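Engineer: Have a look at this one.
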Amino acid sequence: MVIVCESKTGFTMKYANMLSQKTGLKVFTTREPDKVWSDEEVIFLGWMKAGMIQGLRKLKKHKVIAVCATGIGLKAEPDNETAMKL
Ligand SMILES: Cc1cc2nc3c(=O)[nH]c(=O)nc-3n(C[C@H](O)[C@H](O)[C@H](O)COP(=O)(O)O)c2cc1C
């Protein structure tokens with residue numbers, strides 16, 4: 001299992017690195033998808049932009065088992081399913 005992260009200004013990457021330190025899992029960015037085996041379980045961290053989780057689409061062919069998004073909203077808008085739409 002690995003962590004894959006998409007971050008623009010660095011906050012999400014900070015959280016990914018904190019999770020990595022706690023779990024011992026390696027962190028990759030969405031710029032290096034080839035470094036992650038397609039059958040490897042992925043915990044994805046991305047940032048919210050206009051109600052959508054950025055970067056998740058880049059992992060369409062990967063085995064994403066958990067998704068976490070950072071943002072300034074109190075909840076994922078408009079809803080979790082739409083925010084995670086690939
Ligand atoms: C253009 C733009 C659009 C954003 N849209 C949303 C949004 O729809 N919902 C939300 O909760 N946060 C939104 N945010 C806030 C970012 O998701 C938040 O600052 C995030 O932590 C940035 O992560 P990063 O530092 O890893 O790039 C937006 C930020 C920007 C710059």
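Engineer: Loop only per DSSP, at most 15 neighbouring Cβ atoms within 10 Å: give me the chymotrypsin sites (Phe, Trp or Tyr not before Pro) in segment 1-56, ordered by residue number.
Structural biologist: TRP37
Engineer: Using a 7 Å offset from the Cα along the Cα-to-Cβ direction at both ALA66 and MET1, what is the distance between the two label points in nm, to one decimal?
Structural biologist: For ALA66 paired with MET1, the spin-label model returns 0.5 nm.
Engineer: Same structure again: Taking the Cα centre of segment 2-83 as the origin and placing charges on Cβ (Lys, Arg +1; Asp, Glu -1), which of GLY10, ALA69, ILE53 is farthest toward the positive end of the dipole?
Structural biologist: GLY10
Engineer: Given the options THR23, THR70, THR12, state which has the largest fluctuation in a GNM of the chain using a 10 Å cut-off (strictly under) for Cα springs.
Structural biologist: Taking springs between Cα atoms under 10 Å, the residue moving most is THR23.
Engineer: Right, here's the next one. Quote the relative contact order of segment 2-83 in percent (integer), defining contacts as alpha-carbon pairs under 8 Å separated by 6+ residues.
Structural biologist: 31 percent.
Engineer: Further question: Which of GLY55, GLY73, GLY46 moves most in a GNM of the chain, Cα contacts under 10 Å?
Structural biologist: Of the options given, GLY73 has the highest mean-square fluctuation.
Engineer: For the pair LYS35 and GLN21, how long in nm is the line joining their label points, each one 7 Å along Cα→Cβ?
Structural biologist: Here the answer is 1.9 nm between the modelled labels.
Engineer: Using the 10 angstrom Cβ neighbour count as an exposure proxy, how do LEU19, LEU56, LEU86 rank, fewest first?
Structural biologist: Neighbour counts put them in this order, fewest first: LEU86, LEU19, LEU56.
Engineer: Compute the distance from the alpha-carbon center of segment 44-81 to that of segment 1-39, in whole Å.
Structural biologist: Using only Cα atoms, the two centres lie 14 Å from each other.
Engineer: Now for a separate question. Arrange LYS61, LYS14 by Cβ neighbour counts within 10 Å, fewest through most, would you?
Structural biologist: LYS61, LYS14
Engineer: Give, in nm to one decimal, the length gained when the segment between PHE11 and GLU77 is fully stretched (0.36 nm per residue of separation minus the Cα-Cα distance).
Structural biologist: 21.8 nm
Engineer: Hey, what angle do you get for helix 11-23 against the long axis of the chain, alpha-carbon based, 0 to 90 degrees rounded to 10?
Structural biologist: 40 degrees
Engineer: Just need log10 I(q)/I(0) for the chain at q = 0.24 Å⁻¹, Debye formula, equal scatterers on the alpha-carbon atoms, no solvent, rounded to two decimals.
Structural biologist: -1.21
Engineer: Assigning unit charges at the beta carbon (Lys, Arg +1; Asp, Glu -1) and nothing else, what dipole magnitude in debye, to the nearest 20, does the chain show about its Cα centre?
Structural biologist: That gives the chain a dipole magnitude of about 200 debye.
Bear in mind that the values in this text are calculations on the coordinates, not laboratory data. Since the model is a prediction, treat every value here as computed from it, not as a measurement. Quick reminder, even Gly has a Cβ in these numbers, built from the backbone with ideal geometry, and neighbours come from all protein chains shown.
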